Amino acid sequence: MATVVVSVFLKPEILDPQGRAVLGALGRLGLSGVADVRQGKQFILTVDAEITAEKLAEINHIAETLLSNPVIEDFTVQVNQ
Amino acid sequence: MTARVGVVTFPGSLDDHDAARAVTLAGADAVSLWHGDANLHNVDAIVLPGGFSYGDYLRCGAIARFAPVMEKVIEAAHAGMPVLGICNGFQILCESHLLPGALTRNDHLHFICRDQKLKIENNSSAWTRDYELGQEIVVPLKNGEGGFVADDYTLDQLEAEGRVIARYLDLNPNGSRRDIAGITNVAGNVVGLMPHPEHAVEDLTGPTTDGLGFFTSVLTTLLAGQAVSV
């Protein structure tokens with residue numbers, strides 16, 4: 001079975017208060033040198049079929065309409081056969 | 001004939017009963033609509049209430065947007081029916097692309113609950129025409145993800161077309177860009193608002209009765225026959 005990983009992150013120009021809070025915690029824990037943290041989410045789709053170009057197009061469509069909101073988020077799709 | 005205003009209940013809606021009560025106090029018949037029923041039951045206008053539809057999983061409003069009833073709501077909104085989305089309802093309207101922009105996590109990360117002062121900046125929409133332009137009102141605000149965001153082009157367009165219907169006064173409670181509390185679509189029939197006018201319709205339970213104007217406005221709109229019934 002193949003897995004398809006869809007990663008969703010806020011667009012760079014959208015404020016990410018959660019990432020900023022994590023960045024603050026990193027500093028308090030003594031990890032220096034981290035300039036920025038962006039928090040996102042990942043969807044791991046286990047697919048019980050071959051990942052054809054057609055299937056990939058369907059997954060891309062779902063990533064664009066349901067899994068992400070294109071107004072504020074970008075996404076990537078990675079296939080692990 | 002008394003106007004019929006539908007209030008949709010999603011799994012996780014909280015304010016549907018308050019919204020229905022506000023509709024009744026304004027003088028209309030409140031009609032309960034169910035998320036799984038793709039039927040608007042001959043209503044003349046629709047309220048999408050506040051709450052946490054589908055637990056706010058994925059993104060606020062993202063799953064509610066695909067509920068069977070929403071297909072009909074979107075169709076009716078495009079045909080001109082007045083639709084008001086409050087809080088979670090505003091998020092659903094943005095996810096449905098009936099309104100531009102999106103609502104994101106409050107910039108300070110805290111859930112906020114307070115009586116909020118607003119300035120009405122558009123009194124020609126289907127839901128704001130009973131207010132004076134520039135009128136200041138106080139209604140409750142309660143949200144965790146109420147920060148309105150859109151790109152600069154969209155914000156400029158909203159401002160230029162007078163589509164910002166209300167702005168936060170004194171304090172921006174959630175980091176909304178340009179202090180925007182509510183907006184409308186180009187036609188003026190679809191309105192999204194983060195604060196809660198339905199909680200400010202009676203002296204006993206609200207800080208004011210300033211919120212009632214949203215619900216009487218839609219009746220004024222329907223009486224004037226400027227809305228399309230689907």
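What to note about this one:
- Residue match in the range A:20-38 (condition: touching a strand residue (DSSP E or B) at 6+ places or on another chain (Cβ under 6 Å) and within 12 Å of chain B (Cβ to nearest Cβ)): no
- Only one of the numbered conditions (1) surrounded by fewer than 24 Cβ atoms within 10 Å (Cβ to Cβ); (2) assigned to a loop (DSSP other than H, G, I, E, B); (3) in contact with a Gly (Cβ under 8 Å, 6 or more places away or on another chain) is violated by residue B:39, and that is (3).
- A single member of A:59, A:72, A:14, A:51 is surrounded by 11 or more Cβ atoms within 10 Å (Cβ to Cβ), more than 14 Å from chain B (Cβ to nearest Cβ), under 24 Å from residue B:97 (Cα atoms) and among the hydrophobic types (A, V, I, L, M, F, W, C), and it is A:59.
- Residue list for the range B:51-82, restricted to those being under 19 Å from residue B:142 (Cβ atoms), crowded, with 21+ Cβ neighbours inside 10 Å and among the hydrophobic types (A, V, I, L, M, F, W, C): B:60, B:64
- Summed over the range B:48-95, the residues that are β-branched (Val, Ile, Thr) and more than 14 Å from chain A (Cβ to nearest Cβ) give a count of 4.
- Scanning the range B:170-200 for residues that are in a loop (DSSP other than H, G, I, E, B), touching a Lys or Arg at 6+ places or on another chain (Cβ under 7 Å) and crowded, with 18+ Cβ neighbours inside 10 Å yields B:173, B:196.
- Boolean, residue B:158 is hydrophobic (A, V, I, L, M, F, W, C), within 14 Å of another protein chain (Cβ to nearest Cβ), surrounded by 21 or more Cβ atoms within 10 Å (Cβ to Cβ) and closer than 18 Å to residue B:133 by Cα: yes
- Meets criteria (of a type in the set (D, E, K, R), more than 24 Å from residue A:15 (Cβ to Cβ) and in contact (Cβ under 8 Å) with a residue 12 or more places away in the chain) for residue B:16: yes
- Filtering the range B:197-219 to residues that are touching a residue at least 24 places away in the same chain (Cβ under 8 Å) and over 14 Å from residue B:128 (Cα atoms) leaves B:199, B:200, B:201, B:202, B:206, B:207, B:208.
No value in this document is a laboratory result; all are computed from the given coordinates. For clarity, every value in this text was computed on a predicted model and none was experimentally measured. Every residue, glycine among them, receives a Cβ derived from its backbone with ideal geometry; neighbour counts consider all protein chains shown.
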